[in-house]
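The values are calculated or read from the model by the stated rules, or taken from the named source; none is laboratory data. This structure is a prediction, so every number in the text was calculated from the model and none was measured. Here the Cβ positions follow ideal geometry from the backbone for every residue, glycine too, while neighbour counts run over all protein chains shown.
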Amino acid sequence: MAHAEIDIEVARDDGESLQGFADFSQYIASDISLSIYRKYGALGARNLLYLQTELQFLELRLEVLDKEDKSAIANGDINDEKLEIEKAARSWEVELVYKIRELMKEYEEALLRRNEVLKLEKPEKVPFNAFKAWFRGGQIPKLWGSGFRTLHNEDDMISLGTQTEPDRMSSLIHRCLGYRLRVERKTPKSWGQMYCYPVQRVTLIVAIMSMLCSASLLVGAIMALYFVKPIGVRLGIVGVFTLLFAASIALLTHARRVEVYGATAAYAAVLVVFISVNN
């Protein structure tokens with residue numbers, strides 16, 4: 001007799017959440033970036049294939065009935081006995097159509113739902129590493145039974161809490177100054193230390209650095225053009241600073257190509273106007 005595996009929760013006496021689904025759900029709910037779940041890519045595809053095969057079988061049965069109707073009409077061989085048989089066949093055909101209609105609805109809904117699931121992004125590297133470290137850490141497994149295989153296939157994981165990807169400057173500040181900005185969160189002792197990074201602080205630093213960068217590029221270019229007189233050298237300075245300005249926008253922000261072109265053109269126009277006025 002086969003025994004099905006079950007997921008069990010381990011009782012705890014330290015006042016924390018019950019180890020198992022209760023503790024796991026509390027951990028996931030502690031931060032939006034930890035809303036990480038299985039996508040079941042192969043299983044979802046298999047389910048669609050099952051539905052597709054069932055529909056194909058019903059489609060073949062309907063085609064057979066259509067051929068029989070066509071043959072009977074072409075031969076003109078119709079009598080009372082034939083009419084009774086055709087009447088019974090019609091009831092089978094109507095029942096078949098109802099089955100197709102019901103299964104087609106289920107199949108199309110499954111396709112649309114799967115399409116939405118496939119649009120979900122993979123977890124970001126930092127929260128996913130924290131998720132894996134927490135799930136696999138400790139002497140006692142977080143889940144027993146089949147739940148122990150939650151991270152069996154790491155490529156099959158998706159995140160429901162994927163936020164807008166930060167710009168490169170924010171990512172740079174996070175990597176370089178993150179340890180100074182982080183704030184320790186109050187969590188159960190069994191989770192270990194957890195930190196959060198206040199978005200407001202990072203946003204403020206990015207805003208200040210962006211203003212300093214743009215202002216320095218503009219003021220630096222104007223100062224250089226003011227002290228340099230040869231027109232050829234001035235045009236070279238305009239080209240260099242324009243290139244630096246475009247590179248700073250393209251590399252440190254998520255600006256679209258059209259926005260980079262527009263901002264660069266406006267910057268270059270300001271420098272050209274300064275040259276003409278200064279001359």
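Points to keep in mind about this one:
- Candidate set from segment 210-236 (those that are of a type in the set (Val, Ile, Thr) and in a helix (DSSP H, G or I)); member that is farthest from Phe274 (Cα to Cα): Val233
For (1) without any contact (Cβ under 8 Å) to a residue 12 or more places away in the chain; (2) farther than 23 Å from Ile173 by Cα; (3) among the hydroxyl-bearing types (Ser, Thr, Tyr); (4) part of a helix (DSSP H, G or I), each residue gets a yes or a no:
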{"residue": "Val238", "(1), (2), (3), (4)": "no, yes, no, yes"}
{"residue": "Leu243", "(1), (2), (3), (4)": "yes, yes, no, yes"}
{"residue": "Ile249", "(1), (2), (3), (4)": "no, no, no, yes"}
{"residue": "Tyr261", "(1), (2), (3), (4)": "yes, yes, yes, yes"}
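- Meets criteria (in a helix (DSSP H, G or I), modelled with pLDDT under 95, under 28 Å from Asp155 (Cα atoms) and not acidic (Asp, Glu)) for Val117: yes
Residues are listed down the side, and each one gets a yes or a no for (1) modelled with pLDDT of 85 or more; (2) surrounded by fewer than 13 Cβ atoms within 10 Å (Cβ to Cβ):
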| site | (1), (2) |
| --- | --- |
| Ile231 | no, yes |
| Val240 | yes, yes |
| Ala247 | yes, yes |
| Arg256 | no, yes |
| Ala268 | yes, no |
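- When segment 26-41 is filtered for residues that are free of Cβ contacts under 8 Å to residues at least 60 places away in the same chain and in contact with a helix residue (DSSP H, G or I) (Cβ under 8 Å, 6 or more places away or on another chain), only Ile28 remains.
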